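*Asks:* One structure, pasted below without further comment.
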Amino acid sequence: MLPLLLAASLTAVLGPLPDPKPTYGSAPRPTGSEVKLSYVADAGFATAVELSCDPPGGGHPKPVEACATLARVDADPDRIKPATTACILLYKPVTAELSGVWQGRVVSWKHRYGNTCEMRRATGELFRF
């Protein structure tokens, strides 16, 4: 009985409490185009850069070209037409990875190459850093 009297007296003094704000669905989707590009070699070295494409910038040495490449293939490096350059047959594997947001959607890609030459031949300007 005491809790009911306490609630009634608080309501009389403070007035009715507002309804809580409604929640609709999940959290808002990310916007823009910002990705992290990285590669790791089995030999132990690794490097990574951030690339922003709205406007082009970040730590990539050629952000305009890298963003144009991503736009052309809709952020799927597997769709890049490989260059016709020759690479030496030296097995020093590297794993390239792209992750982030591209035009408002979350993207993720990973591929293992025989060496950095093969990676750069397959991905163009994207992984030249």
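The values are calculated or read from the model by the stated rules, or taken from the named source; none is laboratory data. All of these numbers come straight from a predicted model, not from anything done at the bench. Backbone-built Cβ (ideal geometry, glycine too); neighbour counts: all protein chains shown.
*Asks:* List the residue pairs whose Cβ atoms are under 9 Å apart, where the first residue sits in the stretch 105-129 and is buried (at least 17 other Cβ atoms within 10 Å of the Cβ) and charged (D, E, K, R), the second is assigned to a helix (DSSP H, G or I) and modelled with pLDDT of 95 or more, and the two are 6 or more positions apart or on different chains.
*Replies:* What qualifies is Arg120/Leu126; Arg120/Phe127; Glu125/Glu65; Glu125/Ala66; Glu125/Ala68; Glu125/Thr69.
*Asks:* How many residues does the stretch 77-109 hold that are more than 12 Å from the chain's Cα centre (by Cα) and not hydrophobic (A, V, I, L, M, F, W, C)?
*Replies:* Qualifying residue count, the stretch 77-109: 11.
*Asks:* Applying the selection to the stretch 27-56, what residues are part of a loop (DSSP other than H, G, I, E, B) and either touching a Phe, Trp or Tyr at 6+ places or on another chain (Cβ under 7 Å) or modelled with pLDDT of 95 or more (or both)?
*Replies:* Ser33
*Asks:* Whether any residue in the stretch 73-94 is in contact with an Asp or Glu (Cβ under 7 Å, 6 or more places away or on another chain), of a type outside the set (Ser, Thr, Tyr) and in a strand (DSSP E or B) is what I want to check.
*Replies:* No, every residue in the stretch 73-94 fails to be in contact with an Asp or Glu (Cβ under 7 Å, 6 or more places away or on another chain), of a type outside the set (Ser, Thr, Tyr) and in a strand (DSSP E or B).
*Asks:* Continuing with the same structure: Would you be able to say whether some residue in the stretch 58-79 is over 19 Å from Ala122 (Cα atoms) and either at pLDDT below 95 or out of contact with any Gly (no Cβ under 7 Å at 6 or more places or on another chain) (or both)?
*Replies:* Yes, that holds for at least one residue.
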